[in-house]
1. Could you tell me whether Thr32 is at pLDDT 65 or above, among the β-branched types (Val, Ile, Thr) and not assigned by TED's automatic domain parsing to the domain that holds Thr162?
2. Of the residues that sit in segment 54-82 and are in contact with a helix residue (DSSP H, G or I) (Cβ under 9 Å, 6 or more places away or on another chain), of a type in the set (S, T, N, Q) and not in a loop (DSSP other than H, G, I, E, B), which one is surrounded by the fewest Cβ atoms within 10 Å (Cβ to Cβ)?
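The values are calculated or read from the model by the stated rules, or taken from the named source; none is laboratory data. Because the structure is predicted, anything quoted here is derived from the model rather than measured. We place every Cβ from the backbone using ideal geometry, glycine too, and count neighbours over all the protein chains shown.
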Amino acid sequence: MSIHRHIAVLTLALSITPAAWASGIPTFDATTVAQLKLQLDQLKDQYSTLRQQYSAVIGSYGRGVIGLNESIQSASVVPGSWQDVVALQKSGAYGGKQAQYDKLLNTMPAELFQNPKSQSAKNYQLSTDSVRAAMAGGDSLYGEVQTHLNNLAKLSQQVDRTTNIKDAQDLQNRIATENGMLQSAMGKMQAMNLNLQANLMNQMNQSNAQNQQFYKWQK
């Protein structure tokens with residue numbers, strides 16, 4: 001029998017005139033009434049405890065949305081592949097960051113090459129695009145990392161404000177998600193750096209190969 005039913009039965013029993021019949025004469029049994037009342041109070045306490053336990057594991061407390069939009073927006077700025085980063089750079093997706101690094105790089109226009117369509121000119125343009133993309137993408141990734149760090153700081157301030165088990169678990173899950181996004185951003189930053197190094201090494205290899213070919217034909 002459920003606690004609800006126990007309470008209902010005992011409440012009904014207590015509501016009936018507490019009397020017992022002996023030889024047609026009603027007699028009051030105080031002991032029985034006291035026991036019934038004690039059982040009723042105990043069941044009410046159990047019911048209250050169960051309600052509190054149930055309330056502690058249900059509900060939504062809004063922890064999951066703290067800083068989430070900012071994290072998603074910042075994470076979408078830099079894609080996961082190097083090719084996509086370079087493509088975004090060429091399309092001007094990095095806007096002001098790209099213009100800023102153009103000034104710092106002080107790149108040379110292809111028209112200044114003796115043969116703008118030569119392999120040397122193409123290699124120079126490719127290398128310039130890669131460096132510009134790495135700088136603009138790296139700057140964007142740094143901003144994303146900072147966003148995640150700011151969110152983690154905000155979330156850590158909520159630890160002592162949780163109201164129950166469910167609320168605390170929601171906050172813990174949100175912190176884990178934000179930390180995962182932070183690790184992803186740092187991983188992309190490291191991968192971008194490795195891709196840039198590989199690209200520069202490839203440019204050096206191509207330049208050496210062209211020099212070797214040039215001197216070969218000079219002999």
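1. Yes; evaluated as a whole, the condition is true for this residue.
2. Going through the qualifying residues, I end up with Gln73.
Residues checked against (1) among the hydroxyl-bearing types (Ser, Thr, Tyr); (2) at pLDDT 80 or above:
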| position | (1), (2) |
| --- | --- |
| Glu111 | no, no |
| Ser120 | yes, no |
| Ala133 | no, no |
| Gly187 | no, yes |
